[in-house]
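Student: Can you read through this structure? Questions will come right after.
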Amino acid sequence: MAGTGFRPLRWFAAVIALVFLGCAAYTWFVLTWSFSAGERAGYVQKLSRKGWLCKTWEGEMALVSMPGTVAEKFPFTVRSDEVARRINDTIGARVALTYEQHVGIPTTCFGETGYFVTAVKVVQEPGFLPGGGGVPPPAPGR
């Protein structure tokens, strides 16, 4: 008769296991499913490896549309050490960062932002002529 009946400890362990598995499945889903993806161009202002326990690459890029305007800041996270190295190699140059946005991430252990950079490429300065010719002169009669 000892083997039959209600076992609260087993039920409690099963509920805890289900909650843990549910949280793990949710975290996996939000880290693999991309809400949006795109590119942003600008100048990387900073990139640093941060965190007490979970070290992540966190950066900030200045998005400048025209000279003399206030720059908008784009905070981002980099998961890959290789992509972070390439971003560090291009500091000071105008770059385009390819990113994926993930929403609903349950903790900052995976990154402080929802924007995860996956690639970087150097782009040409806007408004300048190829070969370093500078800004083109104004049209005659103006």
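The values are calculated or read from the model by the stated rules, or taken from the named source; none is laboratory data. Treat the numbers as computed from the prediction; the structure is a model and nothing was measured. All Cβ positions, even for glycine, are placed from backbone atoms using ideal geometry, and neighbour counts span all protein chains on display.
Student: If I ask for residues that are under 15 Å from Thr108 (Cα atoms) and surrounded by fewer than 11 Cβ atoms within 10 Å (Cβ to Cβ), which ones from region 25-44 would you list?
Tutor: The one that is under 15 Å from Thr108 (Cα atoms) and surrounded by fewer than 11 Cβ atoms within 10 Å (Cβ to Cβ): Trp28.
Student: Considering region 106-123 alone, what residues qualify as being part of a loop (DSSP other than H, G, I, E, B) and modelled with pLDDT under 80?
Tutor: Going residue by residue through region 106-123, those that are part of a loop (DSSP other than H, G, I, E, B) are 106-107, 111-114, 123.
Selection gives Pro106, Thr107.
Student: Continuing with this model, one more query. Taking region 33-64 on its own, how many of its residues are within 14 Å of Gly114 (Cβ to Cβ) and more than 12 Å from the chain's Cα centre (by Cα)?
Tutor: Residues that pass the stated criteria total 2.
Student: Within region 106-125, can you find the residues that are farther than 14 Å from Trp57 by Cβ and more than 12 Å from the chain's Cα centre (by Cα)?
Tutor: Within region 106-125, Pro106, Thr107, Lys121, Val122, Val123, Gln124, Glu125 meet the criteria.
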